[in-house]
Amino acid sequence: MDNQRLDFAEFYRTSRDECLRTVLVSVGDQDTAQELVAEAFARACASWRTVGRHPAPAAWVVRTALNANISRWRRRRREVSMRDPGVAADLPTISAASASPVDPRIMAALMRLPARQRQVVALRLILDLDTNRTAEMLGITPNTVMAHMGRALAALRGDLMPERQKESPS
């Protein structure tokens, strides 16, 4: 049992920041990302015997955090619609946190991307998953991952390097 605690403690120490950055890019709010990652790590700790053998435990933590966010959003949507059935629930507000572990300019550009593109960018570039693992985590095909990645990178290039867009002939 002590060995498992040490393994988990080491995993937490080495993976927490990259998991937090990945979830932050996906959800857009630092406080929410921290709560989701803490919850996911708590679940990982409780199931460490299984999670520790997962081929990509950090990806498991991120997926768990993103699933928790979806559940939270659905719960919130149900609560709002039950209070006033005539009003559609709004999506949570996405804000680029000033004390973010991600550069604010990059975070703002990422927040302008559609959610699925943000998730692909986060998993591929921050968590460093390959195309197939990213596709598996998101429940989409590898070709869809590549398409989202291409569109996201083009949009980010246009947002972050507008002068380069003017120079390149179309």
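Quick look at the values:
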{"quantity": "Output for the stretch 16-42, where each listed residue is crowded, with 20+ Cβ neighbours inside 10 Å and among the small types (Gly, Ala, Ser)", "calculated": "Ser26, Gly28, Ala33, Ala40"}
{"quantity": "Candidate set: the stretch 104-146, residues that are among the polar types (S, T, N, Q) and surrounded by fewer than 18 Cβ atoms within 10 Å (Cβ to Cβ); chosen: the one farthest from Cys19 (Cα to Cα)", "calculated": "Asn143"}
{"quantity": "Candidates Arg72, Arg77, Arg49, Arg83, filtered to the one that is at pLDDT 90 or above, over 20 Å from Asp17 (Cα atoms), surrounded by fewer than 17 Cβ atoms within 10 Å (Cβ to Cβ) and charged (D, E, K, R)", "calculated": "Arg49"}
{"quantity": "Selection within the stretch 27-55 - over 21 Å from Asp2 (Cα atoms) and more than 15 Å from the chain's Cα centre (by Cα)", "calculated": "Pro55"}
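One line per residue, one yes/no per condition, for (1) within 23 Å of Arg118 (Cβ to Cβ); (2) modelled with pLDDT of 90 or more; (3) not hydrophobic (A, V, I, L, M, F, W, C):
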residue: Glu10; (1), (2), (3): no, yes, yes
residue: Thr22; (1), (2), (3): yes, yes, yes
residue: Asp29; (1), (2), (3): yes, no, yes
residue: Ala65; (1), (2), (3): yes, yes, no
residue: Val87; (1), (2), (3): no, no, no
residue: Leu91; (1), (2), (3): yes, no, no
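The values are calculated or read from the model by the stated rules, or taken from the named source; none is laboratory data. As the structure is a computational prediction, the values presented were derived from the model and not from experiment. Note that each Cβ is placed from the backbone with ideal geometry, even for glycine, and that neighbours are counted across all protein chains shown.
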